[in-house]
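Have a look at the structure below, then the notes.
The values are calculated or read from the model by the stated rules, or taken from the named source; none is laboratory data. As the structure is a computational prediction, the values presented were derived from the model and not from experiment. No Cβ is skipped: glycine too gets one built from the backbone with ideal geometry, and neighbour counts run over all protein chains shown. Remember, those area values only see protein heavy atoms, side chains included, never the ligands or the DNA or RNA. Shrake-Rupley method; radii C 1.70, N 1.55, O 1.52, S 1.80 Å.
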Amino acid sequence: MKALIASSYGPVDQLTVTDVTKPVPAAGQVLIKVRAASLNALDIRLTTGAFREQMPVEHPFHLGLDAAGTVEVVGEGVSRFTAGDEVVAFTYPFFGTVAEYALAGEGPNLVHRPKSLSPEAAAALPQAAMTAAAAHDAAQLKSGQSALVIGASGGVGSFLVQLAHRSGAQVLATGKPEDEAYLRRLGAVETIDYTGKDVVEEARRLRPDGVDVVIDLINAGPGLAATAAAARNAGLLVSTLGGAPGFERGVTVAYVGVDQGVGQLEDLVRRAAEGQLDVQVETFPFSRAVEAAQRFAGSHSRGKLVITF
Ligand SMILES: NC(=O)c1ccc[n+]([C@@H]2O[C@H](COP(=O)([O-])OP(=O)(O)OC[C@H]3O[C@@H](n4cnc5c(N)ncnc54)[C@H](OP(=O)(O)O)[C@@H]3O)[C@@H](O)[C@H]2O)c1
């Protein structure tokens, strides 16, 4: 079978679509014939070696943790799935969904795909929507509160804006001018062009006392101190990256990741299938997987970038 792989750490240009051995499911695993897979920032950071200290990988490294497809083989002891089932999976710790076949373990990160949700939209959900759900849970937004989402137009952000809006929060969302209408359609009441304005200054102009919660998907480490300044006194900063344990003026911080979203995939899939969660995708055929990875790493796809098979 063919898979998108990196033979060593290096730029995304060195990725190749290569013949590899088709995996065999062990006990508790299923083999999925992949119909669609999505890329995430983690795939790129593991490809380039940006995360080689905290998360080294073995080479050849197989990209991808998100997939939608058809169960082809079930391993011993698998009870909830049979061959022919249409599924959606977050396959961690098994990388390699950008391939004709991928392994996934039975558990909360492997769920059935409703017919009303396309494989492309389903594959866009796992990592990004689970992380958005985790950030949304940490934010504890109440109706009428305000939230600034930095990085709103991407995978995690596009789901988060919708979840925050549905909580009754007033969402201020960053994005390029061409994303303004999209962000408003997702539920943002204000948009901030991060390319032309200082995000914190503009948020403070719009909400002079500060927002209740800043959800920053972009900045990490010392950069978070600057965005914490957009929060009100004793407000909250939520980050998917990492930084200091607290900030000035009593602003507290919650660091979240996809791990905290485990258990939410089934509900997110159902909501998307019922039209309660908009899923925006840009698709590339698998034959153009290297180009897709280059596009994802370089410029930006609104919502998620999905590779189809
Ligand atoms: N800890 C975890 O488990 C976990 C899980 C998932 C994601 N994450 C992290 O969360 C972040 C977001 O992930 P994602 O999947 O949503 O990435 P993504 O799809 O690449 O989206 C990032 C978005 O940020 C925008 N952007 C870029 N620079 C910006 C800036 N300076 N200010 C405001 N917006 C900016 C980009 O928009 P344009 O370029 O179009 O303007 C893009 O829409 C990543 O850093 C990722 O590593 C962490």
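For this structure, a couple of remarks:
- In the condition set (1) open to solvent by 40 Å² or more (accessible area, probe 1.4 Å); (2) not aromatic (F, W, Y); (3) not in a strand (DSSP E or B), R232 is compliant with all but (3).
- On inspection, P222 qualifies as modelled with pLDDT under 95 and either under 20 Å from the mean Cα position of the chain (by Cα) or open to solvent by 70 Å² or more (accessible area, probe 1.4 Å) (or both).
- Of all residues in the stretch 28-47, none that is without any contact (Cβ under 8 Å) to a residue 40 or more places away in the chain and more than 10 Å from the ligand (Cβ to nearest atom) has its Cβ atom under 9 Å from the Cβ atom of a residue that is open to solvent by less than 30 Å² (accessible area, probe 1.4 Å) and charged (D, E, K, R), 6 or more apart or on another chain.
- Being in a helix (DSSP H, G or I), among the aliphatic types (A, V, I, L, M) and touching a strand residue (DSSP E or B) at 6+ places or on another chain (Cβ under 8 Å) holds for only one residue in L172, L224, L241, L163, and it is L224.
- Filtering the stretch 247-261 for residues that are within 15 Å of the ligand (Cβ to nearest atom) and assigned to a loop (DSSP other than H, G, I, E, B) leaves a non-empty set.
- Just one of the numbered conditions (1) open to solvent by 10 Å² or more (accessible area, probe 1.4 Å); (2) assigned to a helix (DSSP H, G or I); (3) within 9 Å of the ligand (Cβ to nearest atom) is not true of H136: (3).
- Wholly within the stretch 1-40, strands (runs of 3 or more DSSP E) carrying at least 2 residues that are of a type outside the set (A, V, I, L, M, F, W, C) and open to solvent by less than 30 Å² (accessible area, probe 1.4 Å): 29-38
- Residues of the stretch 262-280 that turn out to be within 11 Å of the ligand (Cβ to nearest atom) and either surrounded by 17 or more Cβ atoms within 10 Å (Cβ to Cβ) or of a type in the set (G, A, S) (or both), as a count: 1
- Scanning the stretch 164-201 for residues being buried (at least 24 other Cβ atoms within 10 Å of the Cβ) and either of a type in the set (A, V, I, L, M, F, W, C) or in contact with a His (Cβ under 7 Å, 6 or more places away or on another chain) (or both) gives a total of 9.
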